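The values are calculated or read from the model by the stated rules, or taken from the named source; none is laboratory data. Bear in mind the structure is a predicted one, so any value in this text is a computation, not a measurement. Every residue, glycine among them, receives a Cβ derived from its backbone with ideal geometry; neighbour counts consider all protein chains shown.
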Amino acid sequence: MSSSSGYRDSKGRPIVVVTGMGIVTSLGRGRDDNWKALTAGRSGIHAITRFPTEGLRTTIGGTVDFVDAEPFCAPALSENLADIAVSEAIEQSVIGSKGDFPGPLFIAVAPVEMEWPQREELARSMNPDGPVDYHTLLQAARKGRQDLHDRFVFGGVAETLAGRYGTKGSPISLSTACASGATAIQLGVEAIRRGETDAALTVGTDGSVHAEALIRFSLLSALSTHNEPPEGASRPFSKNRDGFVMAEGAAALVLESMEHARARGARILGVMEGAGERADSFHRTRSNPDGHATIACLEAALDDAGVTPDDVDYINAHGTGTPENDKMEYLSVHTVFGDRAASLPISSNKSMIGHTLTAAGAVEAVFSLMTIAEGRIPPTINYDVPDPAIPLDVVPNTARDASVRRVISNSFGFGGQNVSLVMAAEPA
Amino acid sequence: MSEAPHREVLVTGIGLVSSLGEGLDQHWSALTAEGGPRPVVDTERFAPYPVHPIVELDFNQQIPKRGDQRQMEPWQRIGTYAAGLALDNAGIKDMPAVLERTDMIVAAGGGERDVEVDSAVLTDLLSTNDAGRLLNERLSSDLRPTLFLAQLPNLLAGNISIVHKVTGSSRTFMGEEAAGIDAVRTAHARVASGQSEICLVGGSYNAERLDMLLLFELGRYLWRDDWLPVWDRLARGSGMITGSMGAFLVLESPGHAEARGATAVARLDAVVSDRCTRGPGAAADTARRQLEMMRSRLGAGRTAVFSGATGAEPATSEERSYLTDVLAGDGGMLVRAPASLIGHGLEAQFPALVSLAALTASRGKLYPATDSTGLETGSDESVDQILVNLWGHWRGEGMALVSRAG
């Protein structure tokens, strides 16, 4: 055995560890504030004030109102949220030097397109009294608005962050819908395992709660309409759950090969043991009723990590609070964990922070690693009416002290893209 | 098992659709037509912006369920169609056991808007004093629920999973040209390293859209005159002509291909990507470094360069002088800029260039030059390898090396 064998996993690949984490959600800025609120069972969901909600079926969200993005547009807020998370993660990791991160950037960002205020601004500049159409907007564009081009190209947010933090190579912006944050981490893990890099900066960010986005989800009947009180709206695994709550946030994780982290004396926050994914071919918004894709996703993650279901102490659920997801997630968990499913703690961070969409997989990975480090499981709040069809230990309403060595975190997306991550404490 | 890159990567299937046709044979016929290749350009519908429209496709051939077609906007239909062609070409279309473990990386934009609704709402917005309420009312009643799904970038991959049953894995990269470059690079790296045995990678672009023309015109990247080859545009201004296209490749390990008796169209030797901020000379410096990384894979045979020059400035002039330097050093190399013929397809452009490079390598000869400025020379010279070089219109620099298989 070579001297570096301690740095390889059971499949002979470099072990990937986490050495820095940053987070911002509707609960606050930074790991400490978020963890305190999350384990106190506090909700970040509130009435939306960013835009008028008159006439809308859903009027609540987990918007992050304490971070500026003026004038508001989704990529601007997404960029600012990511910036906060990345800055905290790099500071904790103490890696590289200022503006010189020694690895690539993988960032999950919400889909980008020009928004109504910018369309209106362009239209007004050419023909303030109307009528206007896209030819009017094109006439305005011909005068040149490089700033709007740079803001609304898909690669814009990644470009800014890559420049600011000096990540290496071409930054990768990605989307797998609600699994995006987990996919960013998975891509980082794979790059380190291939030996392309010793470190990777992986980010999920979403600041896209504006009227059109809210209305689009509402038209799909995906959102909770339980507007009063807002903090009671997100009810994962409850019998009276009625949809998810749109929310914002960002999380960043610094991934490193364990060998690299140990060599530079970095503090290791946890091990990213494995990632699994499986696409569903059933339907654009629903998963196959037999659950085979999400079951295969969980199994692939465990297999990639080289562990068995018995090795898992806690499940960080996707747990969106839609009737469909929670039922399907139960089916998957029950199939994979068997009789143990009834007593294995599983909780949904989304009961408090809502569904941070593109960011969710990364946000919940940070919370999963904090669960391991702190020995305390965040609760599923608003669990007042248990669903008898979902007999799970959802850690109802109050956080619980527990020794947690290994977590599996699920992210299941629209479009049938599913990713699960297996994370563990640093080996002794 | 180590996952360090250690094996070759074969291209065992290609699905290409553009204004020139569908499939490899139609593209080769168009490129080598009597009297030289001729582009298909629509100068009317989006005037003053010419576009290369997608060839007429019978979508039923690759998307048999009408219900599936209705759930997609054109960019998704084009992409799902091209993905199906690639799976057909690879001979795995009807092999569920293979499709179930086939990985997928899609480079996608999205946001196909309903321009009628947008225009009507915008007109009303100008005359209201309660914009918030108006927007809520109009969007709630005028947006089609399914349009949202047609707008999500990851739903091209979602549709490919649904229609073609590719379910091994599914990632969608976004970010214009760089998304296409990194999709191909990542797929290549995963197969080379053993992380994947077989991977479908590609993208699609619908150029026939006012909303996308708007995005690029904001940076004044568009050509607003009659068609000219990209190099010829520089004497009269600059700008890209966007083109509708779908381009997907099946990348496969030699062992996996051999086990199922597949033959390769070509070999994908290497793919690299990078980012620079496009200061004067920066992209050329990046490309010089990238070419050095390719050097060990350049064979003794004849190599051509497929430039991704878009026609937009300053990148096109800079690339022209970079290529002039390369040609001076490697006297045998010949250049082609396929965007002159198929237009520029953003996320799909790099997969399309690699597809055309693989097609060219498989035929063993080059198509005639389309350039009166003297950079492109020759007509049907034999060629063994093609170096693809793409600089995005704003960001993203990628290079790939494609060789004749075997």
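Annotations
- Selection of the range A:111-126 for residues being facing chain B (nearest Cβ under 9 Å) and either in contact (Cβ under 8 Å) with a residue 60 or more places away in the chain or buried (at least 20 other Cβ atoms within 10 Å of the Cβ) (or both) yields A:Pro111, A:Val112, A:Glu113, A:Met114, A:Trp116, A:Arg119, A:Leu122, A:Ala123.
To keep it simple, each residue is scored yes or no on (1) more than 14 Å from every other protein chain (Cβ to nearest Cβ); (2) charged (D, E, K, R).
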site: B:Glu208; (1), (2): no, yes
site: B:Asp211; (1), (2): no, yes
site: B:Asp232; (1), (2): yes, yes
site: B:Thr242; (1), (2): no, no
site: B:Ala247; (1), (2): yes, no
site: B:Pro254; (1), (2): yes, no
site: B:Ala266; (1), (2): yes, no
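- Candidates B:Gly109, B:Gly132 - the one that is facing chain A (nearest Cβ under 8 Å), on the phi < 0 side of the Ramachandran plot and outside any helix (DSSP H, G or I): B:Gly109
To keep it simple, each residue is scored yes or no on (1) within 14 Å of chain B (Cβ to nearest Cβ); (2) free of Cβ contacts under 8 Å to residues at least 12 places away in the same chain; (3) over 16 Å from A:Val333 (Cβ atoms); (4) crowded, with 23+ Cβ neighbours inside 10 Å.
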{"position": "A:Gly375", "(1), (2), (3), (4)": "no, no, yes, no"}
{"position": "A:Ala389", "(1), (2), (3), (4)": "no, no, no, no"}
{"position": "A:Val394", "(1), (2), (3), (4)": "no, no, no, yes"}
{"position": "A:Thr398", "(1), (2), (3), (4)": "no, no, yes, no"}
{"position": "A:Arg405", "(1), (2), (3), (4)": "no, no, yes, no"}
{"position": "A:Asn410", "(1), (2), (3), (4)": "no, no, no, yes"}
{"position": "A:Gln417", "(1), (2), (3), (4)": "yes, no, yes, yes"}
{"position": "A:Glu426", "(1), (2), (3), (4)": "no, no, yes, no"}
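- Residue match in the range B:257-271 (condition: surrounded by fewer than 20 Cβ atoms within 10 Å (Cβ to Cβ) and more than 23 Å from B:Ser193 (Cα to Cα)): no
- Among all residues of the range A:102-110, there is at least one that is within 8 Å of another protein chain (Cβ to nearest Cβ), in contact with a strand residue (DSSP E or B) (Cβ under 8 Å, 6 or more places away or on another chain) and either crowded, with 23+ Cβ neighbours inside 10 Å or at pLDDT 95 or above (or both).
- If the condition is being under 21 Å from the mean Cα position of the chain (by Cα), farther than 24 Å from B:Thr167 by Cα and surrounded by fewer than 18 Cβ atoms within 10 Å (Cβ to Cβ), then the range A:301-333 contributes only A:Pro323.
- The number of residues in the range A:372-428 that are farther than 30 Å from A:Tyr7 by Cβ and small (Gly, Ala, Ser) comes to 5.
- Qualifying residue in the range B:28-50 (condition: within 19 Å of B:Arg267 (Cα to Cα), at pLDDT 95 or above and either away from chain A (no Cβ under 14 Å) or in contact with a His (Cβ under 8 Å, 6 or more places away or on another chain) (or both)): yes
- Filter result for B:Val335 (touching a strand residue (DSSP E or B) at 6+ places or on another chain (Cβ under 8 Å), of a type in the set (Val, Ile, Thr) and surrounded by fewer than 24 Cβ atoms within 10 Å (Cβ to Cβ)): no
- When the range B:182-211 is limited to residues that are closer than 21 Å to A:Ala141 by Cα and out of contact with any Ser or Thr (no Cβ under 7 Å at 6 or more places or on another chain), the one that is surrounded by the fewest Cβ atoms within 10 Å (Cβ to Cβ) turns out to be B:Asp211.
- Residues in the range B:304-330 that are crowded, with 20+ Cβ neighbours inside 10 Å, outside any helix (DSSP H, G or I) and not aliphatic (A, V, I, L, M): 5 in all.
- Screening B:Asp371 with (1) in a loop (DSSP other than H, G, I, E, B); (2) touching a Gly at 6+ places or on another chain (Cβ under 7 Å) gives one miss only, at (2).
- Filter result for B:Arg295 (assigned to a helix (DSSP H, G or I), in contact (Cβ under 8 Å) with a residue 24 or more places away in the chain and out of contact with any Lys or Arg (no Cβ under 8 Å at 6 or more places or on another chain)): no
- Residues satisfying the stated conditions in the range B:218-229, i.e. closer than 18 Å to A:Asp150 by Cα, touching a residue at least 24 places away in the same chain (Cβ under 8 Å) and surrounded by 24 or more Cβ atoms within 10 Å (Cβ to Cβ): B:Leu222
So that you can scan it fast, the table gives a plain yes or no per residue for (1) surrounded by 19 or more Cβ atoms within 10 Å (Cβ to Cβ); (2) out of contact with any strand residue (DSSP E or B) (no Cβ under 8 Å at 6 or more places or on another chain):
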| position | (1), (2) |
| --- | --- |
| B:Gly15 | yes, no |
| B:Ser29 | no, no |
| B:Gln62 | yes, yes |
| B:Gln69 | no, yes |
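- Among residues of the range B:188-204 being among the hydroxyl-bearing types (Ser, Thr, Tyr) and within 12 Å of another protein chain (Cβ to nearest Cβ), the one that is farthest from B:Val250 (Cα to Cα) is B:Ser193.
- Some residue of the range A:286-303 being in contact with a Lys or Arg (Cβ under 9 Å, 6 or more places away or on another chain) and within 30 Å of A:Asn80 (Cβ to Cβ): no
- Scope the range B:24-37; condition in contact (Cβ under 8 Å) with a residue 60 or more places away in the chain and either out of contact with any Gly (no Cβ under 8 Å at 6 or more places or on another chain) or hydroxyl-bearing (Ser, Thr, Tyr) (or both); matching residues: B:Leu24, B:Trp28, B:Leu31, B:Thr32, B:Gly36, B:Pro37
- Some residue of the range B:93-109 being surrounded by fewer than 24 Cβ atoms within 10 Å (Cβ to Cβ) and within 16 Å of B:Leu24 (Cβ to Cβ): yes
- The set of residues from the range B:1-27 being among the acidic types (Asp, Glu) and away from chain A (no Cβ under 14 Å) comprises B:Glu8, B:Glu22, B:Asp25.
- Hits in the range A:23-42 (condition: farther than 16 Å from A:Ser87 by Cβ, of a type in the set (A, V, I, L, M, F, W, C) and not in a helix (DSSP H, G or I)): A:Leu27, A:Ala40
- Number of positions in the range B:180-220 that are more than 12 Å from B:Thr242 (Cβ to Cβ) and not in a helix (DSSP H, G or I): 13
- The set of residues in the range B:230-247 being surrounded by fewer than 22 Cβ atoms within 10 Å (Cβ to Cβ) and either in contact (Cβ under 8 Å) with a residue 24 or more places away in the chain or not assigned by TED's automatic domain parsing to the domain that holds B:Pro39 (or both) consists of B:Asp232, B:Leu234, B:Ala235, B:Ser238.
Quick grid of which residues meet (1) within 12 Å of another protein chain (Cβ to nearest Cβ); (2) in contact with a helix residue (DSSP H, G or I) (Cβ under 7 Å, 6 or more places away or on another chain); (3) charged (D, E, K, R); (4) surrounded by fewer than 20 Cβ atoms within 10 Å (Cβ to Cβ):
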position: A:Met258; (1), (2), (3), (4): no, yes, no, no
position: A:Leu269; (1), (2), (3), (4): no, yes, no, no
position: A:Gly274; (1), (2), (3), (4): no, yes, no, no
position: A:Arg278; (1), (2), (3), (4): yes, yes, yes, no
position: A:Pro289; (1), (2), (3), (4): no, no, no, yes
position: A:Glu299; (1), (2), (3), (4): no, yes, yes, yes
